[in-house]
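Colleague: Mind having a look at this structure? Questions to follow.
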Amino acid sequence: MDLLVTRAKLMDRDGLFRIAAENGIITDIRPEGEADSPLLPDRFRTVIDAEGQLLLPPYVESHIHLESAMTAGDPRWNESGTLFEGIRIWAERQRTLTKADVKDRALPVLKNLASQGVLHVRTHADVSDPKLTALEALLELRDEVRSWVNVQVVAFPQQGILSFPNGEGLLEEALKMGADAVGAIPHYEWTREDGIASLHLAVRLAEKYDKLIDVHCDEIDDGQSRFVETLAALALRTGMRERVTASHTTAMHSYDNAYAAKLMRLIRESGINIVANPLVNIHLQGRFDAYPKRRGLTRIRELLQEGVNVSLGTDCISDPWYPFGTGNMLHVANMALHVGHMTARGEIPQGVRMVTENGARTLGLGDDYGIATGRPASFIIADGTDPWDLMRRMPVTRHVVWKGRPIARTRPARTELCVESAAGLMT
Ligand code: FE2
């Protein structure tokens, strides 16, 4: 048989387990030490000893902009740190974009993500470009990397649909070319009316071409930016529900509490997903505030308590909007727990769930995801024994397996401490 993992810890289960895979599918899961177990190492071609560490389904990157990754400072740095300066700089950089340029930067980022166990990635591709260069490049890349990572591409109108020349035509063309999801950016359209109209248009196109929807929605510190209610109502009325995602929704931080309470109910009933991007939004938001400065992150904790599916994204890796970024999803989750005040005992494991199973729901992975017999043998073995450990240390991923095939292995760094004491050098 193909692959056996021994001594693996599983989420929410006591004891250690053996997991077997054949032809890329999980075929058996049994407790360690079970009498007469057929899962004997010498019957398997490849054996991985998990050494008691946590085995999880792969990390899910719910929101990243691969086409702009690794362009920070080119053509200039974002000195104000605002979203708006970032959009202006990107519009300048976009003029020199070529397919090779996009792929040469995006592929190493995808490899870096996969090496850390991020095997499902939703990227946005800017379609405010008459040539659709980034979209074409990322669609090609999506197909080229299919044997080791699953990529979804959102057609994202960065400059607006109605506020950009032929915005609607470009968006529709992107869907015809094979984009997986329709995007929109209602808070950046010229008027509120245009913002509303852009959402109706995006939903119409998604229905026409049978696509998912992922809207950059209310990414602003304006408490009057209320487009997520329109998106949720459209998702409810059209029946598109969980096929719809609202990304960022940072204005929710600034909403009046009475309005937020009403909105939560609608979001829950609509079934839409919310994606928060804590690293980038704690950096971009609050830039127009004097002290006290708002945190500007969407209401992750309250949304989860309401039963809404919330997952997380890195958003940017060293681009006009964000100078940092490593692709470590545990770092993203750790920031979410900090900013969201989610440090109660029962809340900390939510950090891991938001970058695994919740992300899988956002991407609509269904039975293609999870640790169960009959599902793809795609999983990771962390360098940690439980979600708290992962959230505290944000460790590397020891093993990454894609459809039964080990594709990456990382040995945790070992430090030898040498300190001077009164007794001399100790090692
Ligand atoms: Fe984004």
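The values are calculated or read from the model by the stated rules, or taken from the named source; none is laboratory data. Remember, predicted model here, so these are calculated numbers, not experimental data. Reconstructed Cβ throughout: ideal geometry from the backbone, glycine too, with neighbour counts over all protein chains shown. Just so you know, the surface numbers come from the protein's heavy atoms only, side chains and all, with ligands and any DNA or RNA stripped out. Shrake-Rupley method; radii C 1.70, N 1.55, O 1.52, S 1.80 Å.
Colleague: For the stretch 334-367, state which trypsin sites (Lys or Arg not before Pro) are in a DSSP loop and have at most 15 other beta carbons lying within 10 Å of their beta carbon.
Modeller: Counting only loop positions with at most 15 other Cβ atoms within 10 Å, the trypsin sites (Lys or Arg not before Pro) in the stretch 334-367 are R345.
Colleague: Accessible area per residue for the chain in Å², computed with a 1.4 Å probe and the full protein assembly in place, what is it?
Modeller: 42
Colleague: Using only C-alpha positions, report the orientation-averaged shadow area of the convex hull of the chain, nm², one decimal. Walk me through the intermediate numbers first.
Modeller: Working: hull surface 98.5 nm².
It is 24.6 nm².
Colleague: Using a 1.4 Å probe on the protein heavy atoms, what percent of the accessible area of the stretch 197-260 belongs to carbon and sulfur?
Modeller: 45
Colleague: Continuing with the same structure: By accessible area of protein heavy atoms, probe 1.4 Å, what ranking do W90, W148 get, highest first? Could you put the intermediate results ahead of the total?
Modeller: Working: W90 0, W148 50 Å².
Putting W90, W148 in descending order of accessible area: W148, W90.
Colleague: Between E32 and R345, what's the calculated FRET efficiency when r is the beta-carbon distance and R0 is 25 Å? Round to 0.05.
Modeller: Efficiency for this residue pair is about 0.35.
Colleague: Compute the FRET efficiency between E306 and R95 as 1/(1 + (r/R0)^6), taking r as their Cβ-Cβ distance and R0 = 60 Å, and round to the nearest 0.05.
Modeller: Efficiency at R0 = 60 Å is approximately 0.90.
Colleague: For the residue pair T46 and E416, what label-to-label distance in nm results when each label sits 7 Å from Cα along the Cα-to-beta-carbon direction?
Modeller: 3.2
Colleague: How large a share of the accessible area of the stretch 33-88, in percent, is made up of carbon and sulfur atoms when the probe is 1.4 Å and the other protein chains stay in place?
Modeller: The value for the stretch 33-88 is 49 percent carbon and sulfur by accessible area.
Colleague: A further question follows. Let a ≥ b ≥ c be the square roots of the eigenvalues of the Cα gyration tensor of the stretch 330-416; is it rounded (a/c under 1.5), or, if not, prolate (a/b larger than b/c) or oblate?
Modeller: Values: a/c = 2.40, a/b = 1.15, b/c = 2.09.
It is oblate, given that a/c is not under 1.5 and a/b is not larger than b/c.
Colleague: Additional query: Would you mind working out the magnitude of the charge dipole of the stretch 149-232 relative to its Cα centre, with +1 at each Lys and Arg C-beta and -1 at each Asp and Glu C-beta, to the nearest 20 Debye?
Modeller: That gives the stretch 149-232 a dipole magnitude of about 240 debye.
Colleague: How do 52-64, 2-14 rank on mean C-beta neighbours within 10 Å, highest first?
Modeller: Packing order, densest peptide first, comes out as 52-64, 2-14.
Colleague: Roll a 1.4 angstrom probe over the protein heavy atoms and tell me the percent of accessible area of the stretch 282-379 that is carbon or sulfur.
Modeller: 49
Colleague: Kindly identify the stretch 256-330 as rounded, prolate or oblate by the Cα gyration tensor criterion: order the square roots of the eigenvalues as a ≥ b ≥ c, call it rounded if a/c is under 1.5, otherwise compare a/b with b/c, prolate if a/b is larger, else oblate.
Modeller: Taking the square roots of the gyration eigenvalues as a ≥ b ≥ c, the stretch 256-330 is oblate.
Colleague: Out of A179, A372, A290, any idea which swings most in a Gaussian network model of the chain, alpha carbons joined below 10 Å?
Modeller: A290
Colleague: How would you classify the stretch 97-143 from its alpha-carbon gyration tensor, with a ≥ b ≥ c the square roots of the eigenvalues: rounded for a/c under 1.5, else prolate if a/b is greater than b/c, otherwise oblate?
Modeller: Since a/c reaches 1.5 and a/b is larger than b/c, the shape of the stretch 97-143 is classed as prolate.
Colleague: Each label point is 7 Å from the Cα along the Cα-to-Cβ direction; what then is the distance between the points at T191 and D143, in nm?
Modeller: Here the modelled spin labels are 4.1 nm apart.
Colleague: What dipole magnitude, in Debye to the nearest 20, does the chain give about its Cα centre under +1 on Lys/Arg Cβ and -1 on Asp/Glu Cβ?
Modeller: 360
Colleague: What whole number of Å gives the distance from the Cα centroid of the stretch 22-74 to the Cα centroid of the stretch 354-398?
Modeller: With the stretch 354-398 and the stretch 22-74 each reduced to a Cα centre, they are spaced 8 Å.
Colleague: Okay, next question. Using DSSP to call loops (not H, G, I, E or B), can you name the chymotrypsin sites (Phe, Trp or Tyr not before Pro) in the stretch 176-279 whose Cβ has at most 16 other Cβ atoms within 10 angstrom?
Modeller: Values: sites: Y188, W190, Y209, F227, Y255, Y259; in loops: W190, Y255.
Here the sparse-neighbourhood loop sites are W190.
Colleague: Over all Cα pairs of the stretch 169-262, how is the pair count split among 10 Å bins, expressed in % and running from 0 up to the last occupied bin?
Modeller: P(r) over the stretch 169-262, rounded to whole percents: 17, 49, 28, 5, 0.
Colleague: Which of L138, L266, L212 moves most in a GNM of the chain, Cα contacts under 10 Å?
Modeller: Comparing L138, L266, L212 in a Gaussian network model of the chain, the most mobile one is L266.
Colleague: Note down the accessible area of H283, probe 1.4 Å, to the nearest 10 Å².
Modeller: 40
Colleague: Also: Taking only Cα atoms and a 10 Å spring cutoff, compute GNM fluctuations for the chain and point out the largest among D289, D74, D36.
Modeller: With Cα springs under 10 Å in the chain, the top fluctuation among D289, D74, D36 is at D36.
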